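Peer 1: This is the structure I have questions about; it appears just below.
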Amino acid sequence: MGGAAAAQGRASAAAGAAPGTGAVAAGAVPAPSAPAGGASHRAAPQMRGMWIATVTNRDWPSARGLGARQQQEELTALLDTAVRRRLNTVVLQVRPTADALWPSPFEPWSEYLTGTQGRDPGWDPLGFAVEQAHARGLELHAWFNPYRVALHTDPARLTADHPARRNPDWVVPYGGKLYYNPGNPRVRAFVQDAMADAVARYEVDGVHWDDYFYPYPVAGQVFDDDAEYERYGGDFADRASWRRHNTDLLVREMAERVREARPRARFGVSPFGVWRNRATDPEGSDTRAGVQTYDDLYADTRRWVREEWIDYIVPQVYWNIGFAAADYAKLVPWWARQVEGTGVRLYVGEAVYKVGDPKQPAAWQDPDELSRHLDLCREHPQVRGNVWFSAKEMVADPLGAVSRVVADHYGRRVRPPR
């Protein structure tokens, strides 16, 4: 995800804060003269990515119910923005809430297209996006959310034939949302089938997950998976170990399916930026984050790197240099050490959405902050690029910070690492 957001549920290190939502204001930009493979791509490979979030219409489409032509024009304008910023990859959210931005035989059309879940928009957004991205020399990574079903708790608001309504035992209400239960093996098989359908049918260059596995903790609430734990958790020391095992299985099994269906596609994950704090685990980072993926989301992201189940990892290091609870300058070298000696590529997720936000620390009022991030990344050869959250801000260029990054670091377009 930066993947990630309030729309994407990105928790801050200190207090679980997340960015808001908004509309895209995208102007048309001419397509590049040299597509992928042209002379403009001969410099050293580097990931330069941009997330395009569709949940709650954060980045695209700008509103529900727009006509097909307007949706297409908005999407191509975002792709043109990626070209203008000398990026080489877009990460398009195509399954935001157990729905689809392609004609899926498993799940309904997304409500973020037409305003009504299940209503055919009259075109194929994922197919169009792949075609248009490739025409511009961009890679297209399809971004899926495995377990989120709805941003409410009323199953009756889902389409009548929605899998969550046909299988109510698959679903857990929690924190004002509905989730598929990761502890149910039938759920794990189904969500993989739903995602694998898109991988098999479209020439996507990557499969991408963000930071959502088990949901972020909500004070005073319990994620009710008692029945599944009683049935399937007997071999584990505790519920947390069982939950991490469930997430491990999802990652490992999906990696195998991606490689079987589309061998050239890469499988990547963009987790919350802190695996564990050093105070919790001596192997952890020198941070004091309020969320730890290992303990709170039951996602052992460090293991996925070491086992090489994934091809790339994009930790959401969404904090400024010097931030006390989670310092960018401490987290980047920690992640660099984790990928050392593995075949997993490290890209760093960047919070362009924070630039100029008056609610953020003073560092985010400085248009040079993001450029300094890339200066620091250059000191660690394990960092092979950056991904920007998200498209709306890449268009808006708050404080001119995006233009500064491009001028300082993106002198010409390059290929992403293969």
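Readers should treat all values here as calculations from the given coordinates under stated rules, not as data from a laboratory. The model shown is predicted, which means the values in this text are computed figures rather than measured ones. Neighbour counts are summed over all protein chains in view; Cβ atoms, including those assigned to glycine, are modelled from backbone coordinates with ideal geometry.
Peer 1: Which value, in debye to the nearest 20, describes the size of the charge dipole of segment 213-281 about its Cα centre when Lys and Arg Cβ atoms bear +1, Asp and Glu Cβ atoms bear -1, and nothing else is charged? Spell out each step's value before the answer.
Peer 2: On the way: 12 positive and 12 negative charges, 129 e Å.
Dipole of segment 213-281, to the nearest 20 debye: 620 debye.
Peer 1: Another one. I need the peptides 160-167, 133-140, 46-53 ranked by packing, meaning the mean over residues of other C-beta atoms within 10 angstrom, with the highest value on top. Numbers along the way, then the final one.
Peer 2: Details: 160-167: 14.8, 133-140: 21.4, 46-53: 26.9.
The densest-packed peptide leads the list: 46-53, 133-140, 160-167.
Peer 1: Among rounded, prolate and oblate, which fits segment 48-141 when a ≥ b ≥ c are the square roots of the eigenvalues of its C-alpha gyration tensor, a/c under 1.5 means rounded, and a/b larger than b/c means prolate?
Peer 2: Numbers: a/c = 1.87, a/b = 1.71, b/c = 1.09.
Since a/c reaches 1.5 and a/b is larger than b/c, the shape of segment 48-141 is classed as prolate.
Peer 1: Using the alpha carbon gyration tensor of segment 349-418, what are the three equivalent-ellipsoid semi-axes (square root of 5 times each eigenvalue), largest first, in whole Å?
Peer 2: 21, 13, 11
Peer 1: Note down the net charge around Phe223, summing +1 for each Lys or Arg and -1 for each Asp or Glu among other residues with Cβ under 12 Å from its Cβ. Spell out each step's value before the answer.
Peer 2: On the way: positive: Lys177, Arg239, Arg243; negative: Asp224, Asp225, Asp226, Glu228, Asp296.
With Lys, Arg at +1 and Asp, Glu at -1, the net is -2.
Peer 1: May I ask you to evaluate 6.51 cos²θ - 1.76 cosθ + 1.60, the Karplus curve with θ = phi - 60°, for each residue of segment 390-405 and list the ³J(HN,Hα) values in order in whole Hz, giving x for glycine and proline?
Peer 2: 8, 4, 4, 6, 5, 6, 6, 6, x, 6, x, 5, 5, 4, 5, 4
Peer 1: Give me the aspartates and glutamates in straight-line cross-link reach of Lys354: C-alpha distance below 14 Å, same-chain residues under 8 apart excluded.
Peer 2: Asp366, Asp368, Glu369, Glu393, Asp397
Peer 1: Still on this model: Taking the Cα centre of each part, how many Å lie between segment 328-378 and segment 59-80?
Peer 2: 29 Å
Peer 1: Between Ala43 and Ala135, what length comes free when the chain is fully extended (0.36 nm per residue of separation minus the Cα-Cα distance, one decimal in nm)?
Peer 2: Between Ala43 and Ala135, full extension yields an extra 31.1 nm.
Peer 1: Check which residues have an amide H placed less than 5 Å from Gln46's amide H, if you skip close sequence neighbours.
Peer 2: Under 5 Å from the amide H of Gln46 lie the amide H atoms of Arg415, each far enough along the sequence or on another chain.
Peer 1: Calculated FRET efficiency, Ser403 and Asn167, Cβ-Cβ r, R0 56 Å, to nearest 0.05? Each step should come with its number before you reach the end.
Peer 2: Working: r = 49 Å, r/R0 = 0.87.
It comes out at approximately 0.70.
Peer 1: Sticking with this structure for a sec: Rank Phe144, Asn386, His162 by how far each Cα sits towards the positive end of the charge dipole of the chain (+1 on Lys, Arg Cβ; -1 on Asp, Glu Cβ) and give me just the farthest.
Peer 2: Selected residue: Asn386.
Peer 1: Continuing with the same structure: Skipping prolines and chain starts, which residues have an amide H placed within reach, meaning under 5 Å, of the one on Ser62, given they are 5 or more residues away or on another chain?
Peer 2: Residues meeting the amide H criterion: Val24.
Peer 1: Taking H placed 1.01 Å from N in the peptide plane, check which residues at least 5 places from Glu139 or on another chain put their amide H under 5 Å from its amide H.
Peer 2: Long-range HN contacts for Glu139: Thr89, Val90.
Peer 1: Stretch Glu253-Ala362 to full length: gain in nm at 0.36 nm per residue minus the Cα-Cα span? Kindly include the intermediate steps, with their values, before the conclusion.
Peer 2: On the way: separation 109, 0.36 × 109 = 39.24 nm, distance 4.31 nm.
Additional length available on full extension: 34.9 nm.
Peer 1: Which of rounded, prolate or oblate describes segment 247-385 when judged by the alpha-carbon gyration tensor and an a/c cut-off of 1.5? The partial results should precede the final answer.
Peer 2: Values: a/c = 1.93, a/b = 1.55, b/c = 1.24.
Prolate.
Peer 1: I want to make sure I understand the PRE zone here: with the label point 7 angstrom from the Cα of His152 toward its beta carbon, which residues in segment 65-81 have backbone N atoms less than 12 Å away?
Peer 2: none
Peer 1: Now a separate question. Can you run phi through the Karplus equation (6.51, -1.76, 1.60; θ = phi - 60°) for segment 379-389 and list ³J(HN,Hα) in whole Hz, with x for Gly and Pro?
Peer 2: 6, 10, x, 5, 7, 9, x, 9, 10, 10, 10
Peer 1: Further question on the same structure: Go through segment 309-326 residue by residue and turn each phi into a ³J(HN,Hα) via Karplus (6.51, -1.76, 1.60, θ = phi - 60°); whole Hz please, and just put x for glycine and proline.
Peer 2: Once θ is set to phi - 60°, the couplings for segment 309-326 become 6, 10, 8, 8, 10, 10, x, 7, 8, 8, 10, 7, 4, x, 5, 4, 6, 7 Hz.
Peer 1: How much length would be gained if the chain were fully extended between Glu260 and Glu283, taking 0.36 nm per residue of separation minus their Cα-Cα distance, in nm to one decimal?
Peer 2: Working: separation 23, 0.36 × 23 = 8.28 nm, distance 3.36 nm.
This chain segment gains 4.9 nm when fully extended.
Peer 1: State the label only: which of [x] 0.98; [y] 0.92; [z] 1.20 corresponds to Cα Rg over 2.2 N^0.38 Å computed from the shown model?
Peer 2: Only one listed value fits the structure, namely [y].
Peer 1: May I ask for the net charge around Arg264, where only other residues with Cβ less than 13 Å from the Cβ of Arg264 are counted and Lys, Arg are +1 while Asp, Glu are -1?
Peer 2: Numbers: positive: Arg259, Arg262, Arg266, Arg418; negative: Glu139, Glu203, Asp205, Glu260, Asp311.
It works out to a net charge of -1.
Peer 1: Here's something else I'd like to know. What FRET efficiency comes out for Asp375 versus Tyr232 if R0 is 41 angstrom and r is the Cβ-Cβ distance? Round to the nearest 0.05. Could you put the intermediate results ahead of the total?
Peer 2: On the way: r = 48 Å, r/R0 = 1.17.
The formula returns an efficiency of 0.30 here.
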